[in-house]
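First comes the structure, then the notes that go with it.
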Amino acid sequence: MPILHLQMHPGRTDDQKRAFAREATKAAVETLACPPESLEILITEIAKDYWAVGGKLKSEA
């Protein structure tokens with residue numbers, strides 16, 4: 001069972017997340033030769049206060 005885990009900042013709409021899930025499923029099914037029912041996609045939204053790059057919080061950039 002493939003599991004895709006997407007981490008991103010909040011702000012995308014439910015429609016955007018649905019579209020991502022649909023298109024990512026198509027790509028994974030084609031590439032990994034698995035049935036769509038076996039694929040799980042986890043979308044985790046992480047606030048910029050909890051994400052750092054280069055030693056700085058993204059909320060400070």
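Every read-out reported here was derived from the displayed coordinates using simple, explicitly stated rules and does not represent laboratory data. Computed from a prediction, not measured in an experiment: that's the story for all the values here. Glycine gets a Cβ as well: all are built from the backbone with ideal geometry, and neighbour counts include every protein chain shown.
Taking the condition part of a helix (DSSP H, G or I), under 13 Å from the mean Cα position of the chain (by Cα) and either surrounded by 10 or more Cβ atoms within 10 Å (Cβ to Cβ) or small (Gly, Ala, Ser) (or both), does residue 12 pass? Even if it seems obvious, please write down each step before you answer.
Values: part of a helix (DSSP H, G or I): no; under 13 Å from the mean Cα position of the chain (by Cα): yes; either surrounded by 10 or more Cβ atoms within 10 Å (Cβ to Cβ) or small (Gly, Ala, Ser) (or both): yes.
For residue 12, the condition - part of a helix (DSSP H, G or I), under 13 Å from the mean Cα position of the chain (by Cα) and either surrounded by 10 or more Cβ atoms within 10 Å (Cβ to Cβ) or small (Gly, Ala, Ser) (or both) - is not met.
Taking region 21-48 on its own, how many of its residues are over 23 Å from residue 59 (Cα atoms) and either in contact with a Lys or Arg (Cβ under 8 Å, 6 or more places away or on another chain) or outside any helix (DSSP H, G or I) (or both)? Break it down stepwise before answering.
Keep residues of region 21-48 that are over 23 Å from residue 59 (Cα atoms), which gives 21-42.
Okay, now just the ones that are also either in contact with a Lys or Arg (Cβ under 8 Å, 6 or more places away or on another chain) or outside any helix (DSSP H, G or I) (or both), so 33-35, 39-42.
Number of matching residues: 7.
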If we keep only residues of region 17-49 that are surrounded by 11 or more Cβ atoms within 10 Å (Cβ to Cβ) and over 22 Å from residue 3 (Cα atoms), then the residue nearest to the chain's Cα centre (by Cα) is 47
When region 49-61 is checked residue by residue, the ones that are assigned to a strand (DSSP E or B) and small (Gly, Ala, Ser) are 52
